[in-house]
Amino acid sequence: MQIFHLLFVFLQSNMIDRATIDKIMDATNIVDVVGEFVTLRKAGVNYKGLCPFHDDKTPSFMVSPSKQICKCFACGEGGTAINFLMKHEQITYPEALRWLAKKYNIEIQEKELTDEEKKEQSDRESMFIVNEWALGYFRDILKNDPDGIAIGKQYFRSRGVRDDIIEKFNLGFALPKRDALATAAKAKGYQEEFLVKTGLCIRNEKGVYDRYAGRVIFPWLNVSGRVVAFGGRLLDARTKGVQQKYVNSPDSEIYHKERELYGLYQAKKAIAKEDRVYMVEGYTDVIAMHQCGVENVVANSGTALSVYQIRLLRRFTQNITLLYDGDEAGIHAAMRGTDMLLAEGMNIKVLLLPDGDDPDSFSRKHTVQEFLDYIEANQTDFISFKTKVTVENVTDPVKRSEAIGGIVKSISVIPDAILRSTYLSELSQRMGIKEQTLLNSMNGMIRKDIEEKEKEREREKERNPQTAPEADPFQTIGLHTADEQTKAVEQMLIKSVVRDGEKVIYDHVETDDGSSISLTVAQYIAYDLGQDGLTFHDERYNQILQEAVAHSGEEGFKAETYFMQHPDISISSLAADLAIDRHQLGKNFQPKEREGGLRQHVLHLVLDLRLDIIEKRLKDIQQQLRQAGSDMERVKELLEEYKDTQQLRDALAKQLGNDLVR
């Protein structure tokens, strides 16, 4: 037996050493932490209060001081103090650690950096510092400079922007003089190098001049609240005949436009609370909706929606409403990101506002309740939207077929098989086309997509054999997505890894070279699945398994503690959920031992997973047989594969019925 090697390199961006992290975790009291945001009352040995993550009417949020975890028994949110802070404050793992360190007066010990790392961090920090100064400079001009008041503030007044919204979004004004900012920055001791690197200034053969001179300023804050970029808008009197009303910061070491969303910092708490985000087109749309009272709104501001932006939003919600004006540009903006959002597992609604209105103008005409009522009454799912835009009133059979095929293509990228089936059924009823016809078309698209990805992997392998990505084994055996039964077995397996991943279930296993090793729960699961190149459908599960294997054998490693304190909030939240039933917040709860012992439990789960995979493969072969028609050569191949797969299925079923502990 040969155990495959798993290498997991954990790069700590925060540079806080392990000893300091341990000290912070030891000092943390979850009741103190949660109590800063939630009014808690004693309830036996625990505490309870109104959940901050949903509109809780009766206290359903429980905090256990003995277990150092919290849990809402209505919406399901919970975890450790780190999880709570990351979710509630929408901050990163390092930021949560620093928050706790400050609370408990613990000095942060940084790791020793190389000279190159020190310079890189120093340059990045210098850029942040310059941007922070510039934000204050622009704000001060708007509030106190005669030109700022007469020109900049008057512009915002004309758009109906209140002073509290100006403060909330740190809006400002840049003086018309072309070197005003550069001169002021140098007088304060800021280096020209960083004025140019941040994009605040532009350097040419004539010298350095301000990028935003004479424009009102919209600062971009990243998800942590640091100033990464600026947008500057020409005033209305100067925009006649000018195509480029807005100028934005160029990409830099601290800003990449495809990775940021305007307004996310101001919106993140509302997005998490409402479990929905509204996507609009521009700065003023975001600002106007906040002023109207709708705060869970962001804009990508002139850039095509990117995977990075979608994944950033998915940290807070999977529900998105595309909210655009109803002209051709708005329709195009709504259409272009749909497939990408669907492929990333987002649930999409689309709302095109009445002609002549955008979110800015519409919100200024309505109260928050009127706006929300209008959205609720008029937003549609992506099928209704695409049908209306691309299929309705199209009579040409070829064009109509192409339009319907485009909708089927959108459905095909959805990761969840049940949701795909639901949308396909809806499209069938709406179009009057047999569902089986649409299903055959969609399966063909999925197969083609898999083949294209496989070809691309092969091409990449030829170009660069060392870095070519491995094929997804679930796709190659027809498991583009797992069904609910398979998902349930996978969850039980990964629960065993989280709870007991470090525990040895096999002692003194003989290897091919004559030596012997011991196998932990994590190592056995990884080895067994690795024999046939199997992976979990959920990438978080794969990451947990890999890390558990990598840390197996380390002194003091306990999988449950490790994953519940993981820096990735999706991992730590998942670990807390998987561990919560053994840590029920009732004082009389006692965990039950697994029937038959840990080893038998794990072996059964692995065999169950294999059996589920084989059962699905048998169904796939049956489907392919129905589609093969009169192609007798293909039918023969499929029948042979079906027979072999049946025999494997029967052998596994028999094994599951026997005593698996030898």
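The values are calculated or read from the model by the stated rules, or taken from the named source; none is laboratory data. Please read all numbers here as calculations on a predicted model, not as lab measurements. Positions of Cβ are generated from backbone atoms using ideal geometry, with glycine treated the same way; all protein chains shown enter the neighbour counts. Surface areas here come from the heavy atoms of the whole protein model, side chains and all, with no ligands, DNA or RNA. Shrake-Rupley method; radii C 1.70, N 1.55, O 1.52, S 1.80 Å.
Quick check on my filter: what residues within region 198-207 are in a strand (DSSP E or B) and either of a type in the set (G, A, S) or under 12 Å from A185 (Cα atoms) (or both)?
Within region 198-207, C201, G207 qualify.
If you take the residues of region 493-511 that are surrounded by fewer than 17 Cβ atoms within 10 Å (Cβ to Cβ) and not in a strand (DSSP E or B), which of them is modelled with the lowest pLDDT?
Only one residue fits best here, namely T511.
One line per residue, one yes/no per condition, for (1) open to solvent by 80 Å² or more (accessible area, probe 1.4 Å); (2) modelled with pLDDT under 90:
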site	(1), (2)
E107	yes, yes
K118	yes, yes
E132	yes, no
L135	no, no
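In region 626-646, what count of residues is obtained for those that are part of a helix (DSSP H, G or I), without any contact (Cβ under 8 Å) to a residue 24 or more places away in the chain and either of a type in the set (S, T, N, Q) or more than 17 Å from K616 (Cα to Cα) (or both)?
Residues that pass the stated criteria total 7.
So, in region 179-197, exactly how many residues are surrounded by 13 or more Cβ atoms within 10 Å (Cβ to Cβ) and assigned to a loop (DSSP other than H, G, I, E, B)?
2
Please verify whether D532 is open to solvent by 30 Å² or more (accessible area, probe 1.4 Å) and under 28 Å from L611 (Cα atoms), treating the condition exactly as stated.
So D532 fits the description; yes.
Regarding G199, is this residue at positive phi and not basic (K, R)?
Yes; evaluated as a whole, the condition is true for this residue.
Being among the aliphatic types (A, V, I, L, M) and under 21 Å from N347 (Cα atoms) is the filter; apply it to region 412-437 and report the residue that is surrounded by the most Cβ atoms within 10 Å (Cβ to Cβ).
I414
Out of the residues in region 341-368 that are hydrophobic (A, V, I, L, M, F, W, C) and within 16 Å of V277 (Cα to Cα), state the one that is farthest from the chain's Cα centre (by Cα).
V368
Can you name the strands (runs of 3 or more DSSP E) wholly within region 244-359 that have at least 3 residues being open to solvent by less than 50 Å² (accessible area, probe 1.4 Å), closer than 30 Å to N83 by Cβ and touching a residue at least 24 places away in the same chain (Cβ under 8 Å)?
It comes to 277-280, 297-299, 319-325.
Within region 375-411, take every residue that is within 30 Å of Q291 (Cα to Cα) and without any contact (Cβ under 8 Å) to a residue 12 or more places away in the chain and give me the one that is surrounded by the most Cβ atoms within 10 Å (Cβ to Cβ).
By that ranking, first place goes to E376.
I want to confirm something. Restricting to region 360-374 and keeping residues that are closer than 19 Å to A299 by Cβ and among the polar types (S, T, N, Q), which single residue is surrounded by the fewest Cβ atoms within 10 Å (Cβ to Cβ)?
Going through the qualifying residues, I end up with S361.
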